[in-house]
Structure formats: structure tokens, C-alpha cells
Amino acid sequence: MDRTNQYAGTPAYSTLVIQKLNNLPMYWQNFVKSQAEKYAQTKPTFIYKAPCGMRLGTKENPMLRNPQTPVKRLQGEIDWSDPNIIAEKNIGTEDDPDIVPVLKDESTPVKRHLGPIDWNDTNIYSPRLEEKEYVDYVEMDALIMMAAEFAGLTWQKDPLEVDAGDTIEYIEERKRTPFIPRPVEDEDEPE
């Protein structure tokens, strides 16, 4: 515990928190792991390929395995300026409207704006959108300490009563030490 506290705020902290977890009895390790939602989150994260230290591709323009094939996109919003649209109608309710276009020619699909990139496209080389787990090691450490306390592995602090000495009133009533000047020594004069 002391080493973990000393290394707080350094890159070694996460390793020491995991080591402290490994030192708990198995029942209490499972107790901490069963509450992972308190200290771990899974977030979508862009993972870039960087073979020479330079990131390949961007979120807006990913690098493709086959540049001749365009990146797949999800369906975008309807382009209401499409000349094939003659009207709109609500197929929902007044409280929850669902507006759909009425087309001149039903066989022609309605024009749509570009939608967001489909990150499941196998043609995308870099970056890839993956779910990554992020751990808050401070929260995890607090949970480990709680488990250690439940397991009886920590120490108890008992209040200790200590005599703090004389009170201010008593000190002021005491006789002060008299000032005695030091005798001045004769200085040797140079010859």
C-alpha cells in the first residue's frame, strides 16, 4: 500500500494498483472485479496505423486498402431539394411526427446527403474504430482498499490522548528568564 501511495501520479501507479489487487484473497478480488462498472468504461476509440511514426489516414478521410473503391457511408438525411419530391406527409402523430417525402416517380430513389462513414467497412485500413476499455485506477484503488478493509487486512487507528503541555495562561504567569548580557571580550589590536 505504501509503494502504491508513493507512486501515485506516475506511469507505474496502474501496475502497482493491479499488484495490490492480486495480493487480496480470491473472494475479495472477485468482489472488486464484479464492480468493474465503477472504475472501467468502454469507449469507441480510433486506432491509427503508424508504421513509420506518422499516422495513416484521418477521421474525415481514412486510408483505404483499395483507393479505387469509395468508403462506405451510412444513410444520410434526405435532400429536400430533390426535384423528384413533390410534397411531404406525416405518417406519425402530432406529438411525434415522422415526415416522409411524396415522390413523382416511386421507382427513382430519393437523393440523400452524404451520411457518416461506416467504420465497419473492411476497405478501411487506418484508422479503425474499436471499443477500448479505460480504467480509472484511483477509483479502482479506493475499491481495493475497501475490500482490504472488509477482509480485515488493514489496521485500525485508535484515538490517542496526549498531554499537550502547559496552557497559555500558565506560561504567562511564570517568571521570565532574566536577560544577562554577555561580557565583551577585548579585541586584539594589530601591532
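Readers should treat all values here as calculations from the given coordinates under stated rules, not as data from a laboratory. All values derive from a computational prediction rather than experimental measurement. Quick reminder, even Gly has a Cβ in these numbers, built from the backbone with ideal geometry, and neighbours come from all protein chains shown.
For volume of the Cα convex hull per residue in Å³, the choices are [x] 166; [y] 558; [z] 141; which was calculated from the structure? The value computed from this structure is option [y].
For the chain, a Gaussian network of Cα nodes joined below 10 Å ranks 76, 57, 92 by mean-square fluctuation, and the top entry is 92. Among 77, 149, 88, the largest mean-square fluctuation in a Gaussian network model of the chain (Cα springs under 10 Å) belongs to 88. Tell me which lysines have Cα within less than 28 Å of residue 49's Cα, excluding those fewer than 8 residues away on the same chain? Answer for residue 49, where 28 Å is the Cα cut-off: 59, 72, 132, listed by chain and number. If you run the Gaussian network model on the chain, springs between alpha carbon atoms under 10 Å, then out of 74, 160, 64 the most flexible one is 160.
Place a +1 charge on the Cβ of each Lys and Arg in the chain and a -1 charge on the Cβ of each Asp and Glu, then give the dipole magnitude about the Cα centre in debye, rounded to the nearest 20. Present the calculation step by step, with values, prior to reporting the outcome.
Numbers: 22 positive and 35 negative charges, 390 e Å.
Magnitude of the dipole: close to 1880 debye.
Taking 7 Å steps out from each Cα toward its Cβ at residue 60 and residue 102 produces label points 4.0 nm apart.
Tell me, what is the percent relative contact order of the chain, built from C-alpha pairs under 8 Å that lie six or more residues apart?
Relative contact order for the chain comes out at 28 percent.
Less than 5 angstrom separates the built amide H of residue 124 from those of 65, all sequence-distant by 5 or more or on a different chain. Here's how it looks for residue 112: its modeled amide H is under 5 Å from those of 79, which are all 5 or more places away or on a different chain.
When the Cα positions of 41, 70, 84 are compared along the charge dipole of the stretch 24-96, 41 comes out farthest toward the positive end, with charges on each C-beta of Lys, Arg, Asp and Glu.
With +1 on each Lys and Arg Cβ and -1 on each Asp and Glu Cβ, and nothing else charged, work out how big the dipole of the stretch 20-105 is about its Cα centre, in Debye to the nearest 20. Numbers along the way, then the final one.
Values: 12 positive and 11 negative charges, 244 e Å.
Here the stretch 20-105 has a charge dipole of around 1180 debye.
For every helix of n ≥ 4 consecutive DSSP H residues, a contribution of -39,500 (n - 2.57) applies; sum these over the chain, divide by its total residues, and give [θ] at 222 nm rounded to the nearest 500 deg cm²/dmol. Please report the intermediate quantities before stating the final value.
Details: 5 runs with 43 residues, N = 191.
It lands at -6000 deg cm²/dmol.
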